[in-house]
Amino acid sequence: MTDSMKLIISDLCHGMRDAVLGALFIFRVDAEINALAEEKKRRQEEKRRETQRRPIPVREKKESEQKVMQRILQCCFLNGGVFWLSIVAFNSLVLPTLQFITQSIIGISGQSLSNTTVWAWMGPMMSYTFSALWVLPLFVLSRAVSSLWFQDIADAAYRKSRGRPQLPNLSELIADLLFSLIVQALFLIQSMLVSLVPIPGVGQVLSLLHLCLLNSLYAFEYKWFNMGWKVHRRLSLIELNWPYFFGFGLPLAVLTSLPSSYIIRGCLFSILFPLFIISGNEAVTPSQPCDFPLHIFSVVVEISNRIFHRTVHRPKTSR
């Protein structure tokens, strides 16, 4: 029992260390990618000289240099510099300015103004309009664009460390993505449900465990997908090594839980998540699984199987 607890604590600390220290790899991943490209180009040149044949033109993507760092900076600029900053500027600058202008026009004190019908109606209306016309569309756009950049970061890091991705055929690719999305959505709902456990502290701990494992799944899924692993294998590895993945997802879960606004949490997640993609790509999971596997995905996998199979086989049964 004591040895098992030591292994759990050790794996948890191992996961936290890999999550934090692995992010430092971003400062040299582009340099290594470019070094590998130059080495490949040099070998092609040597091969050409040996065979004395004219080389086949190879299109070199200049824009691929410094791609990882560029994508990370773009995520920071879009989600932090544009989206987050615009929300802060509206709440801290625009609304107070409008309140001051309205106060000057009406000619009453700010304290009495806040209690009048004018500002009580105008303030919320401005906030709702700003959210509907700017915050919500930009939030959806930023998540979509960030997802594409996340994939670029993951693919570049994977090619650097492991070579060409082992992707399945198109039908298997679509099925895997759909099933994975269903599992993740149901698991997020499960994390919300366990937080309602009426025992003080237990619900919060269980919810935190779910969020940490979900963050780890997000970060490692890019690498596992490129390795050709199916969804059930990915989830099984997390269940067998849950202390490690709990520790790996803990820093991101804690940092993104600090803001009270869900929108701000989304911005912060999009800024920090690329670092954890790099960490997950470079991390090496423990070879010895935990003595106490945590089958935490069993329920959502069973529900996902039923939903997925009914959806897939519905056209056949309807004939």
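The values are calculated or read from the model by the stated rules, or taken from the named source; none is laboratory data. It should be emphasised that the depicted structure is a prediction, and the values quoted were computed from it without experimental measurement. Glycine also receives a Cβ, built like all others from the backbone with ideal geometry; neighbour counts cover every protein chain displayed.
Within region 201-213, can one find any residue that is farther than 17 Å from Ser304 by Cβ, touching a residue at least 60 places away in the same chain (Cβ under 8 Å) and in contact with a helix residue (DSSP H, G or I) (Cβ under 8 Å, 6 or more places away or on another chain)? Yes: region 201-213 contains one or more residues that are farther than 17 Å from Ser304 by Cβ, touching a residue at least 60 places away in the same chain (Cβ under 8 Å) and in contact with a helix residue (DSSP H, G or I) (Cβ under 8 Å, 6 or more places away or on another chain). For region 217-239, the set of residues classified as in contact (Cβ under 8 Å) with a residue 40 or more places away in the chain and within 17 Å of Val194 (Cβ to Cβ) consists of Ile238, Glu239, listed by residue number. Among the listed residues Phe83, Phe77, Phe100, Phe90, identify the single one that is in a helix (DSSP H, G or I), more than 30 Å from Asp291 (Cα to Cα), touching a Cys at 6+ places or on another chain (Cβ under 7 Å) and modelled with pLDDT of 75 or more. Among Phe83, Phe77, Phe100, Phe90, only Phe83 is in a helix (DSSP H, G or I), more than 30 Å from Asp291 (Cα to Cα), touching a Cys at 6+ places or on another chain (Cβ under 7 Å) and modelled with pLDDT of 75 or more.
When region 240-283 is examined, which residues are found to be closer than 30 Å to Ser4 by Cβ and free of Cβ contacts under 8 Å to residues at least 60 places away in the same chain? Answer for region 240-283, where residues must be closer than 30 Å to Ser4 by Cβ and free of Cβ contacts under 8 Å to residues at least 60 places away in the same chain: Leu240, Trp242, Ala253, Val254, Leu255, Ser257. Within region 262-271, does at least one residue satisfy the condition of being part of a helix (DSSP H, G or I), of a type in the set (S, T, N, Q) and either within 17 Å of the chain's Cα centre (by Cα) or more than 23 Å from Asp176 (Cβ to Cβ) (or both)? Yes: region 262-271 contains one or more residues that are part of a helix (DSSP H, G or I), of a type in the set (S, T, N, Q) and either within 17 Å of the chain's Cα centre (by Cα) or more than 23 Å from Asp176 (Cβ to Cβ) (or both).
Comparison of Leu209, Leu258 shows that the only residue that is among the aliphatic types (A, V, I, L, M) and under 15 Å from Leu188 (Cβ atoms) is Leu209.
Residues are listed down the side, and each one gets a yes or a no for (1) farther than 24 Å from Arg17 by Cβ; (2) over 21 Å from the mean Cα position of the chain (by Cα); (3) surrounded by 14 or more Cβ atoms within 10 Å (Cβ to Cβ):
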{"position": "Phe187", "(1), (2), (3)": "yes, no, yes"}
{"position": "Ser191", "(1), (2), (3)": "yes, no, yes"}
{"position": "Ser195", "(1), (2), (3)": "yes, yes, yes"}
{"position": "Pro198", "(1), (2), (3)": "yes, yes, no"}
{"position": "Val202", "(1), (2), (3)": "yes, yes, no"}
{"position": "Leu208", "(1), (2), (3)": "no, no, yes"}
{"position": "Ser216", "(1), (2), (3)": "no, no, yes"}
{"position": "Tyr222", "(1), (2), (3)": "no, no, yes"}
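The set of residues from region 235-249 being buried (at least 21 other Cβ atoms within 10 Å of the Cβ) and assigned to a helix (DSSP H, G or I) comprises Leu235, Ile238, Trp242, Pro243, Tyr244, Phe245, Phe246, Gly247, Phe248, Gly249.
May I ask you to list the residues in region 282-299 that are in a helix (DSSP H, G or I) and at pLDDT 90 or above? Matches in region 282-299: Ser298, Val299. Residue count for region 181-200 under the criterion of being among the hydrophobic types (A, V, I, L, M, F, W, C) and not in a helix (DSSP H, G or I): the result is 3. Identify the residue in region 1-34 that is at pLDDT 90 or above and of a type in the set (A, V, I, L, M) and, among all such residues, is surrounded by the fewest Cβ atoms within 10 Å (Cβ to Cβ). Top of the filtered list is Ile9.
Only a single criterion out of (1) part of a loop (DSSP other than H, G, I, E, B); (2) in contact (Cβ under 8 Å) with a residue 24 or more places away in the chain; (3) among the β-branched types (Val, Ile, Thr) is not satisfied by Ile153, namely (1).
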